[in-house]
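Read the structure below first, then the notes.
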Amino acid sequence: MRKVLFTFFTILLSVVLTAEYLMVDDLGRLVSFEGEVNRVISAAPAVSDYIKYLGLEEKVVGVTDWDTHIDAEKIGNLVPLNLEKIVSLNPDVVFLTGGFQEPEISRLERYNIKSFVINPVNFNDIYRDIVLIGSILGEREKAQTLSNKLRQNVLNIAKSSFTWKNKPTVLYLMVQNNVAEIWTAGTGSFVNESIAYAGGLNLAASYTGNNGFLLVGPEFVVAQNPDIIIVASYYEGDESAKNTILNAEQFKNVKAVKEGKIVMVDGNKISQASPSLIDVLEQLYEYFGENR
């Protein structure tokens, strides 16, 4: 009898360990996994930020040339993916982001390579995708704890700023070498959420676009006349966006420009909905609090 029971539980354990399970990615695709996932390619820096936040970098065998989060073998550009290199690394799964990387799914499928897509556009998506990625990598409980911790940190900031009586008006501006065309963030964007949670009044909140981002002209900035302007800086000493705005003749009478209230944030962190966005949120919360 003992031998029979032992055999039964051995078979049951084997089934559990090798059982197929399904996960739904951010495109609504059902993706099946069998057993442990130990060889991962992160084909987008945003995904790497999640994996690093989870402390699971050792599972990553390849990242793109643009990745600054994880030190692993380089696979080239985000698009088109270098399929020959990816195949050589024999990954259990390739993580992608939505949007411009979506066509890579069918290319990977031709080589029977599993892909999983995240496409977060707000803080709630960030909390969820932490748990999704953590679950796939075998650390669901840890991921849930970290997700709850991040959610609580954001909530604490939002609760504190909610009590402010005088909130600064704010615009986030993405500029190149001139201000002829400017991208900003309105309703539906994680940047708009960040500004609101940090205690600012986003002057572009009445507008929206693809994932909340929209194109405006310099006259929009002049008409809104923000107290504070947020710009991105992509490396140490990078003040190109700030200087473009300060030197624009059109903006000489804009309040934020006249008073020098242009705050630079890490462009790599504010450009993606990932756990590092909390660093931007904390910076804005502190800056808004000191300038209201």
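The values are calculated or read from the model by the stated rules, or taken from the named source; none is laboratory data. The structure presented is a predicted model; accordingly, all values stated were derived computationally and were not measured. Because the Cβ atoms are built from the backbone with ideal geometry, glycine has one as well, and the counts that use them run over all protein chains shown.
I'd like the full set of residues that are buried (at least 19 other Cβ atoms within 10 Å of the Cβ) and of a type in the set (Phe, Trp, Tyr), limited to the range 148-178.
Scanning the range 148-178 gives a single hit, TYR172.
Hey, among ASN156, ASN177, which residue is of a type outside the set (Ser, Thr, Tyr) and over 24 Å from ASP49 (Cβ atoms)?
None of the others qualify; the one that does is ASN177.
Just to be sure, is LEU83 in contact with a strand residue (DSSP E or B) (Cβ under 8 Å, 6 or more places away or on another chain) and at pLDDT 95 or above?
Numbers: in contact with a strand residue (DSSP E or B) (Cβ under 8 Å, 6 or more places away or on another chain): no; at pLDDT 95 or above: yes.
No: the conditions fail for LEU83.
Among the residues of the range 210-217, is there at least one that is outside any loop (DSSP other than H, G, I, E, B), over 23 Å from the mean Cα position of the chain (by Cα) and surrounded by fewer than 21 Cβ atoms within 10 Å (Cβ to Cβ)?
Checked the range 210-217: at least one residue is outside any loop (DSSP other than H, G, I, E, B), over 23 Å from the mean Cα position of the chain (by Cα) and surrounded by fewer than 21 Cβ atoms within 10 Å (Cβ to Cβ).
Tally up the residues in the range 187-209 that are outside any helix (DSSP H, G or I) and within 21 Å of MET264 (Cβ to Cβ), please.
Count: 8.
Could you count how many residues in the range 105-118 are hydroxyl-bearing (Ser, Thr, Tyr), touching a residue at least 24 places away in the same chain (Cβ under 8 Å) and not in a loop (DSSP other than H, G, I, E, B)?
Restricting attention to the range 105-118, the residues satisfying the condition of being hydroxyl-bearing (Ser, Thr, Tyr) are 106, 111, 115.
Checking which are touching a residue at least 24 places away in the same chain (Cβ under 8 Å) leaves us with 111, 115.
Narrowing further to those that are not in a loop (DSSP other than H, G, I, E, B): 115.
Within the range 105-118, residues that are hydroxyl-bearing (Ser, Thr, Tyr), touching a residue at least 24 places away in the same chain (Cβ under 8 Å) and not in a loop (DSSP other than H, G, I, E, B) number 1.
Of all residues in the range 71-104, how many are in a helix (DSSP H, G or I), of a type in the set (A, V, I, L, M, F, W, C) and without any contact (Cβ under 8 Å) to a residue 40 or more places away in the chain?
3
So how many residues does the range 249-260 have that are surrounded by fewer than 19 Cβ atoms within 10 Å (Cβ to Cβ), in a loop (DSSP other than H, G, I, E, B) and on the phi < 0 side of the Ramachandran plot?
Residues meeting the conditions: 3.
Taking VAL121 as meeting all but one of (1) at pLDDT 95 or above; (2) touching a Ser or Thr at 6+ places or on another chain (Cβ under 8 Å); (3) part of a loop (DSSP other than H, G, I, E, B), write down the number of the exception.
(1)
Can you tell me which residue is nearest to LEU281 (Cα to Cα) among those in the range 133-161 that are free of Cβ contacts under 8 Å to residues at least 40 places away in the same chain and hydroxyl-bearing (Ser, Thr, Tyr)?
Quick first cut of the range 133-161, residues free of Cβ contacts under 8 Å to residues at least 40 places away in the same chain only: 140-141, 144-145, 147-149, 151-152, 155-156, 158-159.
Narrowing the set further to residues that are hydroxyl-bearing (Ser, Thr, Tyr) leaves 145, 147.
On the way: THR145: 20, SER147: 16 Å.
Here the answer is SER147.
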